Every structure is written in C-alpha cells, then in structure tokens.
Amino acid sequence: MSDVTAGEINFDGLVGPTHNYSGLAHGNLASGRHEGMISNPREAALQGLAKMKALHDDGFLQGVLPPQQRPDLAALRQLGFDGSPAQMLGRVARDAPALLRAVCSAAGMWTANAATITPSADAPDGRVHFTPANLQSSFHRSLETLTTGRVLASIFRDEHYFAHHPALPSTPAFSDEGAANHTRLCGEYGASGVHLYVYGRRAFEQGPEPKHFRARQTLEASQAIARQHGLKEQQCVFAQQHPDAIDAGVFHNDVIAVGNGPVLLYHECAFLDEDAVLSGVRDRMDVLGEPLRTIRIPREAISLETAVNTYLFNSQLLSRPDGSMTLIVPSECEEDPEVWQAISALILEGHNPVSELRAHDVKQSMQNGGGPACLRLRGVLNERERAALQGRVLLDDTLYNELVGWVERHYRDRLTIGDLADPSLVDESLTALDELTGIMALGSVYPFQQS
C-alpha cells in the first residue's frame, strides 16, 4: 500500500571553504583538466546554494548537508605529522605535497557519494536505512566516511524511524561509492520500488573490466548494502556498467544515467548488457503494477565523449505534483547547441513525462568533476519521518539567507594550491564550521568539536 505522504528530498552538500582544483580524482576527466587552476570557494558555495534555493522556490523538498572538516588534521597526525597546525601544514607541504592536497579536498560536497539510502516503503522493518560509503578507491574521499556517518546519525536520529549501518569493510573487494551507483525506480514515492545497483567490476570472479581507469564500485559491495537494508532478490537488479564508458570518463553510473519514479534516462553505452538490465527492471516493475518508461539516448544523437564533457546525465530528474517531470541539467548542456537541441527533441518532444528542461550554473563544481546530481543525496521520507528530522536541514528562505551570509563572511574568493599550506586557512575553516553547526543546530559533529 502506498504512503501518499511520502516524497523525495534532495539533500545537497554545502561546498567547503577549501574548495580547490587539485586534480585528485583519477578517471574524472574534468578534475584532471582543471588541475592547478585558481578556485573560488565563495562562488562555488553560492552557486550550490542558488541551485538549492531555485528548487525550493519551485516547490521541491530541499535539504542541506554540511561540508567535511578540512584540512583533516587528524589524518595528518595519524600519518605521523605532529606539532601545531601551522607546523604540520608546513612540514606536509614540504615533504608530501600530494598528501596536503588530499587532506584539503572539498570533494565531500558531492553527497551523491555520501551514502546509500533505502526508504521505509521497501525495508522489511518499515524504517529508512542508511549506509555511509567507504569511498576506499581514493584516499582523499575515504577520509569522509566517519564524519558522514556522524552527520547522518545526528540528523536521522530517531531509531523508531531510521536505521544506520556501518560502512562496508574498506578494502578493494567492497569498494563502495554510494548512491551515485544506485537508482530506485517506482510509481508513487511511497509505494514499493525496484533498486538498480550498478557496479564496475566483480571482486571475487573474473569478468570484463575497464582497461584504463579503475572501476570504483564492486558487485560485492552493492550486494552487501542490499543485504544490510533487508532487500529481497525480487526488489533488486545488479547491472554492470559498460567498461568502455568507464574508460571514457564515466566514473559513476550517475554520469551516464539518471532515474526517477518509473522513468530511466540513459545513454546506450551505460550498461554492459543493456537488454538484460532493462528486462530485469521491467519484470520487477511489472510485478508492482508500474511499467518501466525508458528514454534511451543513442550515441548517434549524443556521443559518449560529449555526454561526459557536458555531464548531461549527471542531472536531476524531479517529479511535479501533476505527474510531469523537470530535468535539471548543468549550464554546459545549454551552451552546447548539439546537446541542447538533441535533448530538447528526444525528451521534450517524446512520449514521456519530462515536460521541462532547465539549466543551472554550477561551474565551480563542474570544473572539479561534479554536476547537479553529484551535489545531492536523495531520499524518500514520509510525513512522520520528515517530522523526526533533527536540526535545521530543510531549506527555507530564512535558512537560505543565513547560509548565504555565513558563506560571505567566511569564504575566500580566491584559493590556489599553494594557499592550502596557509595556517590561517585552518582557523578560517574551523571558525566557519563551528558557526555552521550552530546555524544548522547539528551539535558537535566535527572531530575538532569533539576533542
């Protein structure tokens, strides 16, 4: 039975004060192309907030998640650096500059990688389930897991409604990149759904793998999360991402496909066995009485290279109360005449629910390799679950204005790679985060607040 009070909420991550272009993400072409550029943390954070505000103003439920603590001084101490923050930063800048970049990464703003969420409509115990991603495939992102778990446990605190699981073992066999490789397809949000888990490789069996870039999600990790959340076989489809897509720069499934409700928008190169994946999803959707609706973009219309360069599929597909859908794309799609014309023709003129196409400027994030979908962790909550949320995490006009003022007070408008060793950046960042937890009423979620 469907819970008519249930709705999707997109929790966007705030861009952190150390937003920089270090080129840390192997296999992320945009990250590599812009390595060493001067970043603008203030503009990046304001661009993210502007997108959140626009969706809120349009009637969509919009949440906010705080950034990670950066620089990660605890990680430096664990790795043998000691002394004051200034002494540690000076030494690591001299002796291990690549490590300095890693502990200053602001990649936690891409909350699509923060966790995987199963709504209460699908879980056997009727609770919303969370598993923070271990992100073990890259050192700079693996540093996020503990704080992510702490933040989620603080916001989704009521054990009557929410269940939290530990991150999977931080080993290559269980490499987990979170909801960027997970799509839930359904009719109404409060009805039962089908979970599409996309992986890049198998850990314990031989199979096709990319040749140039590392596959970040394993089949075994996706299966373990489904087990943690109590999902049954008939609720899940496990699909392998096409190795050629990974080698082309599609490091997560949300760079080549996006789903919402019963609609799956995807490029023809998204899956290794397209027919089997669609058949599996369609069969499970039919059992639920909701036919799958696909929008397939052929490579003749948009090449794989163009899809990666514009991040067309790293978009948000959102449902309106009347059943129509809005596709939120990065402004790079609008700036590419070929892409804009193709998606306008294939989507807006097709027989599907997508009736509106809208572009948002998130260039500071895009230059670092993340589009609109990377910036959000989405979950389905019913009215009682929304009422049980702790802290000020649902965006409204007052919170938006406070967060804009907070960014303008604390963020720099220019940051070079060399600036990461500036001891004053530590003070600025910790002061900003301490104030933020007060604004958002989150309590002491950061390591520096707990020590």
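The values are calculated or read from the model by the stated rules, or taken from the named source; none is laboratory data. None of the values given here were measured: they were computed from a predicted structure. Backbone-built Cβ (ideal geometry, glycine too); neighbour counts: all protein chains shown. Side chains included, ligands, DNA and RNA excluded: accessible areas come from the protein's heavy atoms. Shrake-Rupley method; radii C 1.70, N 1.55, O 1.52, S 1.80 Å.
Below is a table of values for the structure above.
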| item | result |
| --- | --- |
| Qualifying position, being crowded, with 20+ Cβ neighbours inside 10 Å and modelled with pLDDT under 95, among HIS229, HIS252 | HIS252 |
| Out of GLY108, GLY149, sole residue that is under 28 Å from THR171 (Cα atoms), part of a helix (DSSP H, G or I) and free of Cβ contacts under 8 Å to residues at least 60 places away in the same chain | GLY149 |
| Matching entry among ALA179, ALA163, ALA167 (being under 19 Å from LEU65 (Cα atoms) and part of a strand (DSSP E or B)) | ALA163 |
| Condition check for VAL426: crowded, with 17+ Cβ neighbours inside 10 Å, touching a residue at least 40 places away in the same chain (Cβ under 8 Å) and under 23 Å from LEU394 (Cβ atoms) | no |
| Top-ranked residue in region 327-368 [being small (Gly, Ala, Ser) and under 18 Å from LYS53 (Cα atoms); ranked as most open to solvent (accessible area, probe 1.4 Å)] | ALA359 |
| Cβ-Cβ under 7 Å pairs, at least 6 apart or on other chains, region 318-335 side acidic (Asp, Glu), far side surrounded by 13 or more Cβ atoms within 10 Å (Cβ to Cβ) | GLU332/THR310; GLU332/TYR311; GLU332/MET366; GLU334/TRP340; GLU334/ALA359 |
| Any chance THR131 is within 17 Å of ALA114 (Cβ to Cβ), buried (at least 24 other Cβ atoms within 10 Å of the Cβ) and of a type in the set (Val, Ile, Thr) | yes |
| Odd one out for SER192, checked against (1) closer than 19 Å to SER120 by Cα; (2) crowded, with 23+ Cβ neighbours inside 10 Å | (2) |
| The listed residue being under 19 Å from the mean Cα position of the chain (by Cα) and either assigned to a helix (DSSP H, G or I) or over 25 Å from ALA342 (Cα atoms) (or both), out of ASP275, ASP254, ASP286, ASP244 | ASP254 |
| Among (1) modelled with pLDDT of 95 or more; (2) part of a helix (DSSP H, G or I); (3) not aliphatic (A, V, I, L, M) - the single one GLN449 does not satisfy | (1) |
| Selection from region 134-150 of residues that are over 16 Å from the mean Cα position of the chain (by Cα) and either open to solvent by less than 30 Å² (accessible area, probe 1.4 Å) or among the charged types (D, E, K, R) (or both) | ARG150 |
| Filter result for ARG376 (within 21 Å of the chain's Cα centre (by Cα), more than 16 Å from THR18 (Cβ to Cβ) and open to solvent by 20 Å² or more (accessible area, probe 1.4 Å)) | no |
| Residue count for region 261-275, restricted to those that are surrounded by fewer than 24 Cβ atoms within 10 Å (Cβ to Cβ) and not acidic (Asp, Glu) | 7 |
| Residue count, region 151-165 (criterion: open to solvent by less than 20 Å² (accessible area, probe 1.4 Å) and of a type outside the set (Ser, Thr, Tyr)) | 6 |
